[in-house]
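The values are calculated or read from the model by the stated rules, or taken from the named source; none is laboratory data. In this text the structure is predicted, and so the values were computed from the model without any measurement. Using ideal geometry, Cβ is built from the backbone for each residue, glycine included, and neighbour counts are taken over all protein chains shown.
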Amino acid sequence: MASSTEYSPDLPVAPRPPVARIASLDQFRGYTMFGMLLVNFLGGYAICPRILKHSHDYCSYADTIMPQFLFAAGFALRLGLSRRRDRGEPVPWGRLTRRVLGLAGIAIAWYTFTDWHGVVERWHELGPIGLLAYQLKRGWFQTLMHIAITSAWILPVVLGSTRTRIIYAVASSVLHLALSAWFNFHWVNTSPNGIDGGPFGFLTWTIPAILGTLACDLVRQSGAAAARKLALVGVGVMAGAWLLSNLSMLYQSPASQDVQPLERRARVLASDPVFPDPSRFETWTGRLIEPPFMPPPDSSVRAWNYWMMSQRGGTITYTAFAGGFAMVVYGLFLALVDGCGFQSGLFRTLGVNSLTAYLLHDVAGWVVGPFFPERTSSVAFALTGFACFVLAVFIPCRLMERRGWYLRV
């Protein structure tokens, strides 16, 4: 006779209770998506302040957006797998692999489609091998691809201990440092320039992703009460990264004797950009680098080097500083949303359907952009265009949300 605990086809199977979403994570992800819309649309205007643009020689507000995507990805990955482990379920490695490959496939298809005219031109100009080399260096390695590759890279340790994950992030950063000294820093910063660290950017994108997993642990342990600890840890990481970025002060002028010009830009790259020549320490005056979010002087005064905060270079100082900033921002959302019950409908809609919003923002740019040319000198005109741009993304996402349609890999 079968015991009552065994499965019987005559007995109903109890459905798994729905998994509660963490509202603060959706709001944080929605805010990040809104920030991306802000800098991607307004950043093209000449009248836009530099803090909203990517300039690749310091961490601007625009540069804080990408690391927040990686932070959220690490948080969500740790959260989902931890809940499975707590229920005694096996880790779905096959499904995770398919998700990573699926996101990478979407990245390849989408970035090829959105740059189709450029792809055709490069096919005729460079041939198939040259085109493939371009796409592997720059065309395909943008936000979605970096999220996919970084997620795959941290999978072996995502359920590991805090110590294991931190060591893994440090080891990944050291590997990036070695590759940068060998060839990568110069390669990413020469034409065609890499995007978001280039193909090896995942090594330092590991930092904000691992910080996201650590934040997940704190939130699961303490809920909204973890906000203060998140802020303190984030500020500590930011401070450490800023202090490390002071090595960039070793590359002060006169730079004209030991630099080589970069193509297509009035920039100069130090001849020893990663490991500074010992003589540089003898000329250092002890002056500290600019405060966070303050732009540096022109590269004729300070040569470009690995220790500056550079999104293009994917440097350790940048990903660590911006990762710490992401932790502080998420701590604020945790306190406001999970602690005080505040929510933004705009952020919620963009957050729960973030992949849809990301894909739509390219389409919205094609539709709205021609009506609001970037050469305008009117701030009101540019802001009106931005409002139309946001609505073109938000309205389809909201309609999908109301119908319960979500685009996920």
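A few points about this structure:
- Answer from Ala387, Ala364 - the residue that is at pLDDT 95 or above, surrounded by 19 or more Cβ atoms within 10 Å (Cβ to Cβ) and not aromatic (Phe, Trp, Tyr): Ala364
- Subset of the range 299-315 [under 13 Å from the mean Cα position of the chain (by Cα) and under 14 Å from Leu244 (Cα atoms)]: Ser310, Thr315
- Among the candidates Phe293, Phe281, residue that is surrounded by fewer than 20 Cβ atoms within 10 Å (Cβ to Cβ), under 23 Å from Phe71 (Cα atoms) and modelled with pLDDT of 90 or more: Phe293
- The condition (being free of Cβ contacts under 8 Å to residues at least 60 places away in the same chain and aromatic (Phe, Trp, Tyr)) is satisfied by just one residue among Phe333, Phe325, Phe347, Phe342: Phe342.
- Among the residues making up the range 126-135, those that are surrounded by 13 or more Cβ atoms within 10 Å (Cβ to Cβ) and not small (Gly, Ala, Ser) are Leu126, Leu131, Leu132, Tyr134, Gln135.
- Flag for Leu359 being closer than 19 Å to Trp110 by Cα and either in contact (Cβ under 8 Å) with a residue 24 or more places away in the chain or within 14 Å of the chain's Cα centre (by Cα) (or both): yes
- Flag not set for Leu269, criterion: touching a helix residue (DSSP H, G or I) at 6+ places or on another chain (Cβ under 9 Å), at pLDDT 95 or above and buried (at least 17 other Cβ atoms within 10 Å of the Cβ).
- Pairs, first surrounded by 14 or more Cβ atoms within 10 Å (Cβ to Cβ) in the range 110-125, second not in a helix (DSSP H, G or I), C-beta under 8 Å, six or more apart: Tyr111/Trp140; Tyr111/Gln142; Thr112/Trp140
- Restricting the range 299-323 to residues that are in contact with a Leu (Cβ under 7 Å, 6 or more places away or on another chain) and in a helix (DSSP H, G or I), the residue that is nearest to Gly212 (Cα to Cα) is Gly323.
- Scanning the range 385-398 for residues that are of a type in the set (Lys, Arg), touching an Asp or Glu at 6+ places or on another chain (Cβ under 7 Å) and closer than 29 Å to Leu336 by Cβ turns up nothing.
- Residue within the range 171-190 that is in contact with a Lys or Arg (Cβ under 7 Å, 6 or more places away or on another chain) and among the polar types (S, T, N, Q) present: yes
- Once the range 147-193 is narrowed to residues that are buried (at least 21 other Cβ atoms within 10 Å of the Cβ) and not in a helix (DSSP H, G or I), the residue that is modelled with the lowest pLDDT is Asn189.
- Any chance Leu334 is hydrophobic (A, V, I, L, M, F, W, C) and within 18 Å of Phe69 (Cα to Cα): yes
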